Amino acid sequence: MTTPTSDIDEAAPRISGKNELVEYFEAGSKPRADWRVGTEHEKFGFLWDGLRPLPYEGPASVLAMLEGLRDRFGWEPIHEGGYLIGLKKDGASVSLEPGGQFELSGAPLESIHQTCGEVGSHLKEVREIAEPLGIGFLGLGASPLWSMAETPVMPKGRYKIMTAYMDKVGRLGRQMMFRTSTVQANLDYGSEADMVQKFRVSLALQPLGTALFANSPFIDGRPNGFLSYRSQIWTDTDPDRSGMLPFVFEEGMGFERYVDYALNVPMYFVRRGGKYLDASGQSFRDFLDGKLPILPGEKPAMDDFADHLSTIFPEVRLKRFLEMRGSDSGPWDRLCAFSALWTGILYSQTALDAAWDLVKGWSAAEREAMRQGVRTLGLKTPVPGGGDMQVLAKEVLAIARTGLRERAKLSASGDDESGFLSGLDEIAASGLTPAERLLARYYGPWERDVRKVFAEEAY
């Protein structure tokens, strides 16, 4: 989740009406030459001694990690309420999820070569700080061992408000906050029409992303019955702010339609005076009219709207870019592959049109059925029109490869970006998700000891 780096400016201009919110998204349109790729990933920190979760404070802790990165590698600190809760440098940031998940939000970069190098550099820095402290980091979609009671709570104001609200709107919201990790890619759009096509294609294909990257088969020290338990959690978190957004595929979809959707999503908070004010369940429409109960007579600044957008969690999210949100975290090579997949599909018009041809006939019910199916069936999930997700994966990977080759973004050694898809090709060819491979080891050489995942899958 986004970590604000400054408070709301009390003197900032106030939003006069909905048209300014539409213009906010319109201003995100960029010429193709300025399109960039931003990669985000979360990971679980733990202590090698006893495989315990990483606390916020102490000699081996989240705080020690942040201080080490700050002092050794020149990251600038981000504080909230006297606590160090994040870092920033060169357009990237390190932030904390509610249960201490350590997140890198990468800078907007020109190529997958660069963004993969950024991920690798970050993990190298993390290891240099972590290893002397006896700390490790694990890239799975759900924490495999610790109970909710054992999971630490990070000192960030928004999380206290969110935790209290989650119990009112779904059974698994706290699980989402404290026990899941994801990988995300942020990609640009060139116009409203381009945004709509990219939104539709990427949203329709999120279940495929869930299947290819399914990597959360364990919880509480044993199999949980799902290949992507993280995806299962999102089906019972908060229906007002998550899901497959059927309206995106309806006539009239555009910036204004998304604004209307965002205004209908209940608020969480407002930032004022260095604090998070609880606005949970209240209406941003009322805020626009100066009728928010906690700030009577006050209208929102644009930063308030940006905050509100950061509390909306559909499978694809629109900000001033499109954010792919449907996949579990994983090892370094799959983090790179994730951004390569979506860049190949969305940044080539040839690839984008080909992908749209694959998905344009699917109904909202069919898209939702795939989302529900991949949690347990993975690449065996049926696809509309016949076949299964494995067949679709091969078709989509071929499209993405075409798009990456067309981009012709070359490394220093002259390679294009398509090589980053090789691991996904192998998954598609086998029909076995990463989760199924973990389960095979669990029931085989691990002898049903989930603790083995730490030794074999840590970064």
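Bear in mind these aren't lab numbers, they're just calculated from the coordinates by the rules spelled out. Not measured: the values here are computed from a predicted model. Backbone-built Cβ (ideal geometry, glycine too); neighbour counts: all protein chains shown.
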**OP:** Considering the options 390, 273, 181, tell which one lies farthest towards the positive end of the dipole of the stretch 18-457, charges being +1 on Lys and Arg and -1 on Asp and Glu at the Cβ, about the Cα centre.
**Re:** 181
Subject >> residue 12-residue 412 pseudo-label distance in nm [points 7 Å out on the Cα-to-Cβ vector] >> reply: 4.0 nm
Subject >> Gain on full stretching of the segment that runs from residue 110 to residue 33 - 0.36 nm per residue minus C-alpha separation >> reply: 26.8 nm
Subject >> Packing-based ranking, highest mean first, of 437-446, 129-138 given that Cβ atoms within 10 Å are counted >> reply: 129-138, 437-446
Original post:
At 20 °C and 1.002 mPa s, what whole-number value in µm²/s does Stokes-Einstein give for the translational diffusion of the stretch 256-301, with Rh from the Kirkwood sum over Cα pairs?
Top reply: 197 µm²/s
Subject >> Cβ-based charge dipole, the stretch 18-457, positive-most Cα from 157, 54, 202 >> reply: 54
Original post:
Which semi-axes, in whole Å and largest first, does the equivalent ellipsoid of the stretch 300-459 have when worked out from the alpha carbon gyration tensor as the square roots of 5 times its eigenvalues?
Top reply: 27, 22, 21
Subject >> Spin-label zone in the stretch 240-280 - amide nitrogen under 12 Å from a point set 7 Å from the Cα of residue 298 along the C-beta vector >> reply: 270-279
Original post:
Add -39500 (n - 2.57) for each DSSP H run of 4 or more in the chain, then divide by its residues: what number comes out at 222 nm, to the nearest 500 deg cm²/dmol?
Top reply: -13000 deg cm²/dmol
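With +1 on each Lys and Arg Cβ and -1 on each Asp and Glu Cβ, and nothing else charged, work out how big the dipole of the stretch 150-285 is about its Cα centre, in Debye to the nearest 20.
Values: 17 positive and 14 negative charges, 138 e Å.
So the dipole magnitude of the stretch 150-285 works out to roughly 660 debye.
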Subject >> Size of electric dipole in the chain: Cβ of Lys, Arg +1 and of Asp, Glu -1, about Cα centre, debye, nearest 20 >> reply: 700 debye
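In debye to the nearest 20, how big a dipole does the stretch 233-331 give about its Cα centre with +1 on each Lys and Arg Cβ and -1 on each Asp and Glu Cβ?
Details: 12 positive and 17 negative charges, 78 e Å.
Computed charge dipole of the stretch 233-331: roughly 380 debye.
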Subject >> log10 of Debye I(q)/I(0), alpha-carbon scatterers only, for the stretch 1-139 at 0.09, 0.16, 0.19 Å⁻¹ >> reply: -0.35, -0.90, -1.12
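Which links in 156/275; 43/156; 18/319; 30/409; 30/124 stretch past 21 Å when you go from one Cα to the other? Could the numbers behind the result be given before it?
Details: 156/275 10 Å; 43/156 18 Å; 18/319 16 Å; 30/409 19 Å; 30/124 33 Å.
As for pairs spanning more than 21 Å Cα to Cα, those are 30/124.
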Original post:
Given 39, 428, 358, which one lies farthest toward the positive end of the charge dipole of the chain, if we put +1 on the Cβ of every Lys and Arg and -1 on the Cβ of every Asp and Glu?
Top reply: 428
Subject >> Convex hull of Cα atoms in the chain, direction-averaged projection (nm²) >> reply: 20.8 nm²
Original post:
Residues in the stretch 143-179 near a label at residue 240, defined as backbone nitrogen under 19 Å from the 7 Å Cα→Cβ point?
Top reply: 158-177
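What is the calculated FRET efficiency for residue 320 to residue 128, with r their C-beta to C-beta distance and R₀ = 30 Å, to the nearest 0.05? Numbers along the way, then the final one.
Values: r = 34 Å, r/R0 = 1.13.
Efficiency, rounded to the nearest 0.05: 0.30.
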Subject >> Anchor residue 89: aspartates and glutamates whose Cα lies under 16 Å away (excluding residues fewer than 8 positions away in-chain) >> reply: 40, 67, 71, 76, 103, 118, 125
Subject >> In nm, spacing of pseudo-spin labels at residue 332 and residue 89 (7 Å Cα→C-beta vector) >> reply: 1.7 nm
